[in-house]
Amino acid sequence: MSEAIPVTRAVDHGTAKLMPDVDRARAWLLTVDGAPQSYVDLDEPTHLEFEYARRLGHVLDTVAEPGRPLDVLHLGGGALTLPRYVAATRPGSRQDVVEADRGLLEMVADHLPVPAGSGITLHAADARTWLEAAPAGSADVVVADVFGGSRVPAHLTSLAYAHEAGRVLRADGVYLANLADAAPFAFLRSQLATFAAVFEELALIAEPAVLRGRRFGNAVLVAAQHPLDVTALARLTASDAFPARVEHGPGLRGFVGDAVPVRDEAAIPSPEPPGGAFSIG
């Protein structure tokens, strides 16, 4: 077997690199302008290297009985880590992946193609534009993992956007988002307030050090119109190499405090992470 070599390509929104993992035969790290975006193992698609991806995977494992196919809309593509995970753990799922960077999508399709019959369809489009055109009640799960550079774009943070996500989901559907922030959590609190205005149930998954304000980090937002299985989520996230905490109910409402929903005209991107590499998508 020939040795894998790095691939570099200018894409629509920067310079993308695919770098092989020397410890795993067909595993790759995707970076854009030096920021780690995705990690994927083509031989073992259930291997989720990044902590935030494992937490998203835990939610995907608990939204329905094991193995049941789902209709999933992914906003943000990266190296298609989570679509591959769902295809492996829930065969027969129908998945649409919406990625604004056509060049990045083509690079991933060229070098890390998804298997035939995977049920994964790729679309080069803006996430919110696609969401607004999607049929009502067409998705079991919406996964938002969209970063422009190292920041969540402003137009994917507003109340109008949250309403569109709620419209597209079925009654028993679940919305997931990979977010990032640090103390005093103005962005994260505003996102929780925004989605609380649309969804009945919320949960937040993050490492204790992040929630205590000790460092910048990822937080997974989970939203639904029905009770979430927070007990199962807490058990799964606590067993990870880097354990996370699941906040919900009164504790989460206390965290939100006096934050208010974000209107389109006041929306801003998530904060820039401090210097150094940061795994975002």
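The values are calculated or read from the model by the stated rules, or taken from the named source; none is laboratory data. Computed from a predicted structure; not experimentally measured. Please note: Cβ atoms are built from the backbone with ideal geometry, for glycine as well, and neighbour counts cover all protein chains shown. What goes into the accessible areas is simple: the full protein's heavy atoms, side chains included, and nothing from ligands, DNA or RNA. Shrake-Rupley method; radii C 1.70, N 1.55, O 1.52, S 1.80 Å.
Listed values for region 195-208 are Karplus-derived 3J(HN,Hα) couplings in whole Hz (6.51 cos²θ - 1.76 cosθ + 1.60, θ = phi - 60°), namely 6, 5, 6, 10, 10, 6, 10, 9, 9, 10, 10, 7, 5, x, and x replaces Gly and Pro.
Between region 220-253 and region 169-195, the alpha-carbon centres lie 13 Å apart.
Between the exposed loop cleavage positions of the chain, defined as trypsin sites (Lys or Arg not before Pro) in a non-H, G, I, E, B DSSP state with at most 16 neighbouring beta-carbon atoms within 10 angstrom, the longest gap is 27-211.
Which one of His111, His74, His47 has the biggest mean-square fluctuation once the chain is modelled by GNM with Cα springs under 10 Å? Taking springs between Cα atoms under 10 Å, the residue moving most is His111. For region 189-281, the gyration tensor built on C-alpha atoms gives an oblate shape. Its axis ratio a/c (a ≥ b ≥ c) is at least 1.5, and a/b is not larger than b/c. When nucleic acids and ligands are ignored and a 1.4 Å probe is applied, Thr62 ends up with an accessible area of around 40 Å². Only protein heavy atoms count here; on that basis, with a 1.4 Å probe, Trp130 has an accessible area of about 80 Å².
Once a ≥ b ≥ c are taken as the square roots of the eigenvalues of the Cα gyration tensor of region 9-137, is the result rounded (a/c under 1.5), prolate (a/b larger than b/c) or oblate (a/b not larger than b/c)?
Oblate, because a/c is 1.5 or more while a/b does not exceed b/c.
The heavy atoms of Phe187 offer some 20 square angstrom of accessible surface to a 1.4 angstrom probe. For region 172-239, the per residue solvent-accessible surface stands at 36 Å², with DNA, RNA and ligands left out and a 1.4 Å probe.
Label separation (Arg68 vs Thr129): 3.5 nm, computed from points 7 Å beyond Cα along the C-beta direction.
A simple spin-label model places the labels of His163 and Asp23 4.8 nm from each other, with each point 7 Å out along Cα-to-Cβ. Taking Cβ atoms as reference points and 14 Å as the exclusive limit, the residues near Ala180 contribute a net charge of -1, counting Lys and Arg as +1 and Asp and Glu as -1.
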